[in-house]
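Written out below as structure tokens is the structure these notes cover.
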Amino acid sequence: MIKKIIYTVSLGMAFSACQAQPIPNVKLHVKDVEAHIKTLSADDMRGRNALVKEDIAKAANYIAYQFEQAGLQPFNGLNYYFQNFKYQKLDLYNVVGVVPGNSLKDEYVIFSAHYDHIGLIKPTGKDSIANGADDDASGVAAVLELAKYFAQKKDNERTLIFVAFTAEEIGGYGSQFFSKQLNPDKVKAMFNIEMIGKESKFGKKNAFITGFNHSDFGQILQKNLKGSEFTFHPDPYPEQNLFYRSDNATLARLGVPAHTISTVQIDKDNFYHTVDDEIETLDAENVTETIKAIIISATSIIKGDDTPNRVSLKK
């Protein structure tokens, strides 16, 4: 009887300790986030069309330089960060960097966003550049800041892969190629980040997760955010089919708990795929808060304490 009481008390103490874990104090700089978005959505990028080499190369080089500055390693035997592939006889390239894991090197967590956009479109007045500040320079800015943060900490048990995909806007060809270069069974989670530049329908310091019911990925993130000022919600736009409209979809179809985090009010965003998707329309401070929330919510997954169940597309 005494042993039973001791066991129960010990278990209760352990449970309380787990529940009392403090929220990490994550320090990011709004100016750094803003600088990434400003650079990637500048007029001289000419809308980052994946099929216009001169334009997309500027964005790719910027991202690769940021990975280099952060100290990331190239992915899977690449000489540098460019993962080349062919599309209609054109050379396209994802930009990929790695922070190796400690005790779980062969288990991967992916953070991703697409860096291409739609390029030059029908002019509105004298402006024909679809700058893509929210779509998806905001997501790429998040990937760059996440890479820098985790590369500095170096306490990730699982290997972290940071990837900026090309050709999302023309069919998701970058993520399709990338998915063939690794064993999907080794990918324990994918945080795809798409359009986090504006306040969500739930207000500031709120974002949503696509495909919420297809795995327990979202529930894990919600658990890790308890006690913080930020909240992740299920996708409020199921009719938009967003789970299948971004670069998470390819790996999700292979069973990976691959979900997209977003804040876009897709049903009423007047700047979507227009020349007016510029940095002046974004809230860089709220973007920064969203990146912090991703860091906090990912903590138990990158440590190996939590593993989301595999995606079930029947739900």
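Taken together, the values in this text are just the output of simple stated rules run on the coordinates, not laboratory data. Only a predicted model underlies this, so the values are computations on that prediction, with no experimental measurement involved. Neighbour counts run over all protein chains shown; Cβ positions are idealised from the backbone, glycine included.
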(message) Once you place label points 7 Å from the Cα toward the Cβ at LYS126 and ALA57, how far apart are they in nm?
(response) 2.9
(message) Distance between the C-alpha centers of the stretch 177-192 and the stretch 269-315? Whole Å please.
(response) 18
(message) Give me the dipole magnitude in Debye, nearest 20, for the chain about the Cα centre, with unit charges on the beta carbon: positive for Lys and Arg, negative for Asp and Glu.
(response) 1300
(request) Tell me the trypsin sites (Lys or Arg not before Pro) within the stretch 76-180 that lie in a loop according to DSSP and have at most 16 other beta-carbon atoms within 10 Å. (result) LYS89, LYS126, LYS154, LYS180
(message) Cβ neighbours within 10 Å, averaged per peptide: list 163-176, 263-276 in order, most packed at the top.
(response) 163-176, 263-276
(request) Can you grab the distance from the C-alpha centre of the stretch 125-167 to the C-alpha centre of the stretch 195-210, Å, no decimals? (result) 17
(message) Under the √(5λ) rule applied to the eigenvalues of the Cα gyration tensor, what semi-axes describe the equivalent ellipsoid of the chain? Give them in Å, descending.
(response) 34, 21, 18
(message) Full-extension gain between ASP276 and ASN309, please, as 0.36 nm times their residue separation minus the C-alpha to C-alpha distance.
(response) 7.9 nm
(message) Report D for the stretch 188-315 in µm² per second (integer): Stokes-Einstein, Kirkwood Rh on Cα pairs, 10 °C, 1.306 mPa s.
(response) 107
(request) Report ³J(HN,Hα) in whole Hz for each residue of the stretch 124-136, in order, from the Karplus equation J = 6.51 cos²θ - 1.76 cosθ + 1.60 where θ = phi - 60°; Gly and Pro get x. (result) 10, x, 9, 9, 10, 9, 7, 5, x, 5, 7, 10, 9
(request) Could you work out the relative contact order of the stretch 53-199, using alpha carbon pairs under 8 angstrom and six or more residues apart, expressed as a whole percent? (result) 32
(message) Placing unit charges on C-beta atoms (Lys and Arg positive, Asp and Glu negative, everything else neutral), compute the dipole magnitude of the stretch 87-169 about its Cα centre in debye, rounded to 20.
(response) 220
(message) What is the ratio of the Cα radius of gyration of the stretch 51-123 to 2.2 N^0.38 Å, with N the residue count, to two decimals?
(response) 1.29
(request) Determine the relative contact order of the stretch 27-302: mean sequence separation of Cα pairs under 8 Å and six or more apart, normalised by residue count, in whole percent. (result) 23
(request) Amide H neighbours of TYR87 under 5 Å, at least 5 residues apart or on other chains, H built in the peptide plane: list them. (result) LEU92
(message) Please compute the modelled spin-label separation between LYS201 and ASP216, points set 7 Å along Cα→Cβ, answer in nm with one decimal.
(response) 2.8
